[in-house]
Structures are given as structure tokens and as C-alpha cells.
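The values are calculated or read from the model by the stated rules, or taken from the named source; none is laboratory data. Computed from a predicted model, the values in this text were never measured in an experiment. Note: ideal-geometry Cβ built from the backbone for every residue, glycine included; neighbour counts use all protein chains shown.
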């Protein structure tokens, strides 16, 4: 398992589902707090080289937040949501490894897909009235890694 500083952010204006002319200004952020994989490798060895593909199971903790507010002078509503969950998915990739006596060096690429998370939050109207959760989109915590390493045989 690895701690992670992987983060994605976006801001922008969205269409207003309540039919007023004011756009909705919003921001969203996704963080991968930690992740891990359980993988197999299958490859072809030639002299001191190993070329391989890898694949298997991926898991990680994903935090995401959404903050949206109707634009305009006196805002009609605001919606804020924060959530953290552990997600599972898959990993695939490939690499190359070169043996040097009892050591080997390697370089490896991985694509990690932790699925999709529906993001929804209550909408609070100015004045205090609140609706049920409104669907505000989805989060797709998918990312790529490149790793280099040294292995020792004992």
C-alpha cells in the first residue's frame, strides 16, 4: 500500500437546473489518499532481460468534494458535499527488468482504474430550505503511475 498525493481539481460554470438565468459556479476536487495493488506478472526472458505484462486487483481510498453556488447578486442556493470511501477496481501495465548479478533494476508502467463514484449533495436554498440530494455528476478516480526500482535476491 502506498500513501499518495494524487489530486485532481476543476472549476467552472454549469447550467442551472432550476431554470433561472444565473449560472452555477462550482468547483470539485478528488484526492487519492492511498492505493495498493495485488498483481501477477507474465513475461518473456532473454539473457538478463525480462519483458512483462502485469495485471490484477486495485484498491484505494478516494476523497472528493463539490461546492456549487448559483451566481448572481443574491444567490438562490448553494450545494456542498464532502465524502471519503474505499474503492476497488483493476490495474494493468507492463515493464522491463534487467538482472545484474544478485540485483535487478526495473521500470514499470501501471494504469489504475478505481471505477466511478456518483457525486450528489443536498441543495440548500437561501433562507434555510433544503432539498433531497441532487445529482451533481460523477468522479472517476483513474490514474497512471511509472515506477523504477532495484531488487535484491537473498
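Taking the range 47-71 as the range and being loosely packed, with under 14 Cβ neighbours inside 10 Å and either part of a loop (DSSP other than H, G, I, E, B) or at pLDDT below 95 (or both) as the test, the residues that pass are 47, 48. Contact map, the range 28-46: residues that are over 22 Å from residue 97 (Cβ atoms) paired with residues that are outside any strand (DSSP E or B), Cβ distance under 7 Å, separation 6+ or inter-chain. Pairs shown: 30/141; 32/141; 34/1.
Across the range 76-89, a minimum of one residue is classified as part of a strand (DSSP E or B), at pLDDT 90 or above and surrounded by 13 or more Cβ atoms within 10 Å (Cβ to Cβ). Looking across the range 103-150, the residues that are exposed (fewer than 15 other Cβ atoms within 10 Å of the Cβ), modelled with pLDDT of 95 or more and farther than 24 Å from residue 8 by Cα come down to 103, 105, 107, 149, 150.
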